[in-house]
Amino acid sequence: MIEGVAEMLREGKKYLIGNWKMFKDEIQAHAHFHLLAQFLAEKKIFLDVAIAAPSVFLSDLVRKTQNLVTLLAQNVHWEREGPFTGEISVPMLRSLGVSGSLVGHSERRLSFGENNVTAGKRMGALLRGGLKAVLCVGESLEERDQGRWSRVLETQVCQAFEASGVKNAFEILGSFAQSPLLFVAYEPVWAIGSGHAASPAQAQEAHSFLRNIFSFYFGRDVGEYVKILYGGSVKASNIKDFLSCPDIDGALVGGASLNVQEFFQMCERAASLVKG
Ligand code: PGA
């Protein structure tokens with residue numbers, strides 16, 4: 001294990017990712033991104049802010065990050081190149097300077113046939129390429145009602161890691177530089193876009209469970225290292241409740257990230273919890 005890495009990474013920093021999904025045209029995307037960078041430059045807040053933008057905007061937005069906003073894709077293929085019409089690759093993201101990608105979002109799972117194996121292969125390609133991977137997991141309402149949420153999360157994480165080809169902690173942490181690469185977003189499907197967020201207690205319970213899964217399968221240091229974000233109807237009015245929980249390192253925000261002022265408020269409230 002790399003000495004001191006886990007300790008350094010558990011320094012209490014919070015992470016906020018806005019997932020723009022398939023929203024905004026070019027003018028809106030640029031205006032919003034520009035305002036966000038300006039806001040972060042002025043406020044100098046101690047918070048890691050990322051936007052997962054539609055892929056068509058990445059090459060232009062990457063020039064506007066000013067090292068203040070991390071730019072992510074919403075999906076990426078596991079092959080380096082090939083006849084895969086409509087896909088984008090890790091080397092393409094790297095060549096632009098994009099920092100990583102979401103993988104296995106429930107909307108990809110529900111609408112585009114994504115599963116634990118494909119999500120895991122995408123995650124493996126990102127980590128091997130030294131880019132950030134945000135693996136999205138989460139149970140359906142039926143699975144929660146049947147008391148199966150923990151089994152579902154364990155299966156999602158384990159199958160994804162098996163498919164990723166990432167075998168051990170060293171491989172995950174090996175290309176570690178200044179910022180973490182491995183993120184898991186706990187997004188209960190029933191909370192996404194529904195306006196009915198999980199309770200902070202439900203989220204904390206699931207996050208603690210996920211952290212234990214990482215410790216159990218990959219070692220305690222990886223359990224400490226992995227950043228676990230909550231997603232599902234997070235907004236300015238509830239973000240502090242989630243981010244105050246000990247195992248919640250940040251939030252993945254969909255709908256509320258599309259509104260500039262609401263997102264600024266979320267940044268400020270999240271940052272207020274961090275000792276700068
Ligand atoms: P939401 O979406 O914040 O609109 O619930 C979260 C997500 O899909 O990542």
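For every residue, the table says whether it meets (1) open to solvent by 40 Å² or more (accessible area, probe 1.4 Å); (2) in a helix (DSSP H, G or I); (3) over 30 Å from Ile45 (Cα atoms).
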| residue | (1), (2), (3) |
| --- | --- |
| Gly86 | yes, no, yes |
| Ser101 | no, no, no |
| Arg109 | yes, yes, yes |
| Thr118 | no, yes, yes |
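With respect to the conditions (1) touching an Asp or Glu at 6+ places or on another chain (Cβ under 8 Å); (2) within 21 Å of Ala53 (Cβ to Cβ), Gly138 falls short on a single one, namely (2).
Condition check ((1) modelled with pLDDT under 95; (2) under 24 Å from Phe263 (Cα atoms); (3) under 19 Å from the mean Cα position of the chain (by Cα)) across all residues:
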site: Ile17; (1), (2), (3): no, yes, yes
site: His34; (1), (2), (3): no, yes, no
site: Val49; (1), (2), (3): no, yes, yes
site: Leu61; (1), (2), (3): no, yes, yes
site: Arg80; (1), (2), (3): no, no, no
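A count restricted to the range 89-137 and to residues that are on the phi > 0 side of the Ramachandran plot and in contact (Cβ under 8 Å) with a residue 60 or more places away in the chain stands at 1. Please tell me if Lys21 is under 28 Å from Pro246 (Cβ atoms) and touching a residue at least 24 places away in the same chain (Cβ under 8 Å). So Lys21 does not fit the description; no. Would you mind stating whether Glu114 is over 19 Å from Lys21 (Cβ atoms), within 16 Å of the ligand (Cβ to nearest atom) and open to solvent by less than 20 Å² (accessible area, probe 1.4 Å)? Answer is no for this residue. On the given criteria, is Asp241 open to solvent by 10 Å² or more (accessible area, probe 1.4 Å) and more than 15 Å from the ligand (Cβ to nearest atom)? So Asp241 does not fit the description; no.
Taking Leu72 and the conditions (1) in contact with a strand residue (DSSP E or B) (Cβ under 7 Å, 6 or more places away or on another chain); (2) assigned to a loop (DSSP other than H, G, I, E, B); (3) surrounded by 15 or more Cβ atoms within 10 Å (Cβ to Cβ), which numbered condition does it fall short on, given that it satisfies the others? The number of the failed condition is (2).
Looking at Gly193, Gly232, just one residue is under 18 Å from Gln156 (Cα atoms), of a type outside the set (A, V, I, L, M) and touching a residue at least 12 places away in the same chain (Cβ under 8 Å), and that residue is Gly232.
When Asp221, Asp247 are screened for being over 16 Å from Thr155 (Cα atoms) and free of Cβ contacts under 8 Å to residues at least 60 places away in the same chain, only Asp247 passes. Is it fair to say Leu252 is touching a residue at least 12 places away in the same chain (Cβ under 8 Å), of a type in the set (A, V, I, L, M, F, W, C) and out of contact with any helix residue (DSSP H, G or I) (no Cβ under 7 Å at 6 or more places or on another chain)? Yes. Take the residues in the range 244-276 that are among the aliphatic types (A, V, I, L, M) and surrounded by fewer than 16 Cβ atoms within 10 Å (Cβ to Cβ), then tell me which one is farthest from the ligand (Cβ to nearest atom). The qualifying residue farthest from the ligand (Cβ to nearest atom) is Val274.
Assess whether Arg211 counts as being open to solvent by 10 Å² or more (accessible area, probe 1.4 Å), modelled with pLDDT of 95 or more and out of contact with any Ser or Thr (no Cβ under 9 Å at 6 or more places or on another chain). Yes; evaluated as a whole, the condition is true for this residue. Looking at the range 43-52, can you tell me whether even one residue there is within 24 Å of Leu243 (Cβ to Cβ), open to solvent by 70 Å² or more (accessible area, probe 1.4 Å) and either without any contact (Cβ under 8 Å) to a residue 40 or more places away in the chain or of a type in the set (S, T, N, Q) (or both)? Yes, the conditions are met somewhere in the range 43-52.
Within the range 154-167, the set of residues being away from the ligand (no atom under 16 Å from the Cβ), surrounded by 18 or more Cβ atoms within 10 Å (Cβ to Cβ) and assigned to a helix (DSSP H, G or I) comprises Val157, Ala160, Phe161, Ala163, Ser164.
The values are calculated or read from the model by the stated rules, or taken from the named source; none is laboratory data. Just so we're clear, the structure is a prediction, and the values are computed from it rather than from any experiment. Reconstructed Cβ throughout: ideal geometry from the backbone, glycine too, with neighbour counts over all protein chains shown. To get the accessible areas, we keep the full protein, side chains included, count just its heavy atoms, and leave off ligands, DNA and RNA. Shrake-Rupley method; radii C 1.70, N 1.55, O 1.52, S 1.80 Å.
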